[in-house]
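Here is the structure we will look at.
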Amino acid sequence: MALFLLLGVTVVEVVARHLFGAPLVGAEDLTSMGLTVLVAAAVVCAAQEGTHVSVELIERFAGSGVTRVTDAVARILGAAAAAVAAVALFANGSCGIECGEITGTIAIVHTPFYYALGACMATYSLLLASPLFRGQAAREDDDSRARGI
């Protein structure tokens, strides 16, 4: 939905600006808020599909046993960081208009966007941690996708 919003606002903005000489007021606000939701959803989607970029330097030097430990540590730290970010986003979102959290041109309140970002970060945290709860090494998931299995 956010992608279609971005596309529609951009097309209307370009047509209005170039053909009619009248830019769309608030287009930047709408596109920045739409892009915020789109990027947050993309982070969760990439985590769900296992398509985040990873570099396999440690395995070359230390072997797969050490990599399992480092992958688990990286997942724990990443899940903790995403959880902290989610809590902070929910806390900032709860303040809303009282704290002046609005866009510059047409005063879109940031509260629902903070909540959407917080939900995405919480989901990302759970997705990072889920292989640890299932007892699977993250390495095995990543390798099976890379080989097309």
Check: Which entry in [x] 29.8, 85; [y] 20.2, 64; [z] 14.7, 45 is this structure's computed Rg and Dmax of the Cα atoms in Å?
Finding: [y]
Notebook entry, point to check: What size of dipole, in debye to the nearest 20, comes out for the chain about its Cα centre when the only charges are +1 on Lys and Arg C-beta atoms and -1 on Asp and Glu C-beta atoms?
Noted result: 300
Check: Tell me, in nm to one decimal, what length is gained between Ser32 and Val55 on full extension, where the rule is 0.36 nm per residue of separation less the Cα-Cα distance?
Finding: 5.2 nm
Checklist line | For a label point 7 Å along the Cα-to-beta-carbon line of Val109, residues of the range 6-48 with backbone N under 18 Å | finding: 30, 33-34
Item checked: Solvent-accessible area, 1.4 Å probe, carbon plus sulfur percent, for the chain -> 68
Next item on the list: Subtract the Cα-Cα distance of Val11 and Ala80 from 0.36 nm times their separation in residues, and report this length gain in nm to one decimal.
Entry: 20.9 nm
Note to self: I want to check the label-to-label distance for Ala72 and Phe133. Put each point 7 Å from Cα in the C-beta direction and report it in nm to one decimal.
What the structure shows: 1.7
Margin query: Can you tell me which of Val87, Val73, Val44 moves the most in a GNM of the chain? Springs connect C-alpha atoms under 10 Å apart.
Written below: Val73
Note to self: Assuming 0.36 nm per residue, please report the length gained on full extension of the stretch Phe4 to His18 beyond their Cα-Cα distance.
What the structure shows: 2.9 nm
Note to self: Is there a quick way to get the dipole size of the range 35-122? I mean about its Cα centre, with the Cβ of Lys and Arg at +1 and of Asp and Glu at -1; what is the value in debye to the nearest 20?
What the structure shows: 160
Next item on the list: Keeping all protein chains in position, work out how much accessible area Phe4 exposes to a 1.4 Å probe, and write it in Å² to the nearest 10.
Entry: 150
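The values are calculated or read from the model by the stated rules, or taken from the named source; none is laboratory data. Predicted model, so just to flag it, every value in this text is computed and none were measured. Cβ atoms come from the backbone with ideal geometry, glycine included; neighbour counts cover every protein chain shown. The protein model used for the area step is the full one, side chains on, heavy atoms only, and it has no ligands, DNA or RNA in it. Shrake-Rupley method; radii C 1.70, N 1.55, O 1.52, S 1.80 Å.
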